[in-house]
1. Suppose R0 equals 45 Å; then what is the FRET efficiency for Ala416 and Arg42 from their Cβ-Cβ distance, rounded to the nearest 0.05?
2. List the pair-distance distribution P(r) of the stretch 183-433, using every Cα-Cα distance, as the percent of pairs falling in each 5 Å bin from 0 up to the bin containing the longest distance, rounded to whole percents.
3. Which entries of Lys280/Lys318; Lys280/Lys394; Lys318/Lys413 have Cα-Cα distances beyond 19 Å here?
4. Which value, in debye to the nearest 20, gives the size of the charge dipole of the stretch 183-433 about its Cα centre, when Lys and Arg are +1 and Asp and Glu are -1 at the Cβ?
5. Can you work out ³J(HN,Hα) from phi for every residue in the stretch 56-63, in order, using Karplus 6.51 cos²θ - 1.76 cosθ + 1.60 and θ = phi - 60°, giving whole Hz and x for Gly and Pro?
6. Glu399 versus Glu332, label points 7 Å from Cα toward the beta carbon: distance in nm?
7. Quote to one decimal, in nm, the extra length available between Asp369 and Thr236 on full extension: 0.36 nm per residue of separation minus the C-alpha distance between them.
Amino acid sequence: MSTEKLTFLSYLPEFERRTNSSSARGDPKKYALERAAEFITRFGLPEDSDGGIESETRFKEQLYNWFKNTVGRNRRRTEGKPKSARKNVDKATELTRDRRDAWDQDANSGVLTINRNYGHPESSSPTITAGTYSHAENTPAVTPSPTTVAARIPASYSLPSTLANALQPSPSPPPATLAPVTVASLRDSFLTNVDAPILASQIQAFVTSNQSPLSLRPVIFALFQAISTEWDRNNTPPNRFLTSYLRAAAYFTPAVIHAGVSGPLAAATALQMQIRRSAKWTPTSAANVHPNVPSISSGPSSMSLELHRITLDRARRKDHIQWARIHAAALEVGVFTFGYDIHNSDGQGCDYGDTFSNLMAQDCLWEDDEVEWVAGVLVLQALIRTSIRADTGKRRLYENLLINYEERWKEMKDEARQALVTEALLSAKTELAGSGP
């Protein structure tokens, strides 16, 4: 058994402590399932599993039952109430008697002949041939001795078969080394919608091996890649991905730190910072494309640079609109209010995201680039859907913004962006009309 897998067994004392002293209902099971998810992440599922989500869930439950049963056995030993060896002897004797009765029943049908040559050293196992069943008279009775049965009773922790197989090293081929967690693997985990504890374990493993003051920035980049990939495939909104991200964040330990914020709140902080960073559009210039190349006024090189700038600018515009969708989804799933119910019992600060988003929707209206108009109206649509719309002043503000965005819509030249604004405006008007007088 490898040192790493033996280290996994060291979680038993903490589980026992939580079982005996925890006041929160379900806390020991939650701890065991988290450790099980960590085990699966580090060592994988057993070879006999099919690798699906149901197998992972079933295996985690088996690990939890092992924790629980092992702690129970230890407690019985401590209290001086171990299972009697005499009971095990009686049970083994009864099992042997049942097997002998079954053999006697088969003898009436003339199916087998079993010859046991226990007296000869060269023959250590019974031989089976076709014919009539017969007992050799010199065959000794097969009755387990108390010493033999007691030797089979484990002196310490006993493992269920599935866990024991998982912890035993494979003789051939050698066990494969777990691949390190990367941005690409995190993106795939978001796309496949893995369980929250497993995703949290992967993120924490990535952060541990890539320490930095903004340790979750690559994770946000992987989240953005997954959202963009699924949008290009099926036009899937970002809401599902943000929800999965926040559920995983609930399992973060204080070791996850981003911009001085630790634990679950670090996840929300990292996403909020990137949303604010991406809210401002900056046009792509030739100097930004190749800052170390001197400007060339004419010739094939200047044309190549300009074509590259146009391609890059088109991709950046697409990403800017995608971040506006993420901003809108963050308002809807509660990214800007995540954790305030825990750390601010008076509710102060919960409207921070709402204030920032309102200012962005108003500012984008007066910018010169169409891409900013698209971003602004997408955020405005989410504000109308999620804000306290009974506020008369806020309703009047949203109505005026919609009127002004309609004027911007008439000025738009790109048909694809104009179609996005059309859909957002119609949906926002419907939401506002249905919110009350």
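Read-outs: derived from the displayed coordinates by stated rules, not from any lab. This is a predicted model, so every value here is computed, not measured. As a convention, Cβ positions derive from the backbone with ideal geometry for all residues, glycine included, and neighbour counts pool all protein chains shown.
1. 0.50
2. For the stretch 183-433, the binned pair fractions read 1, 6, 12, 15, 16, 15, 13, 10, 7, 3, 1, 0, 0 percent.
3. Beyond 19 Å between Cα atoms: Lys280/Lys394.
4. In debye, rounded to 20, the stretch 183-433 gives about 340.
5. 5, 4, 5, 5, 5, 5, 5, 5
6. 2.6 nm
7. So the chain would gain 45.3 nm between Asp369 and Thr236.
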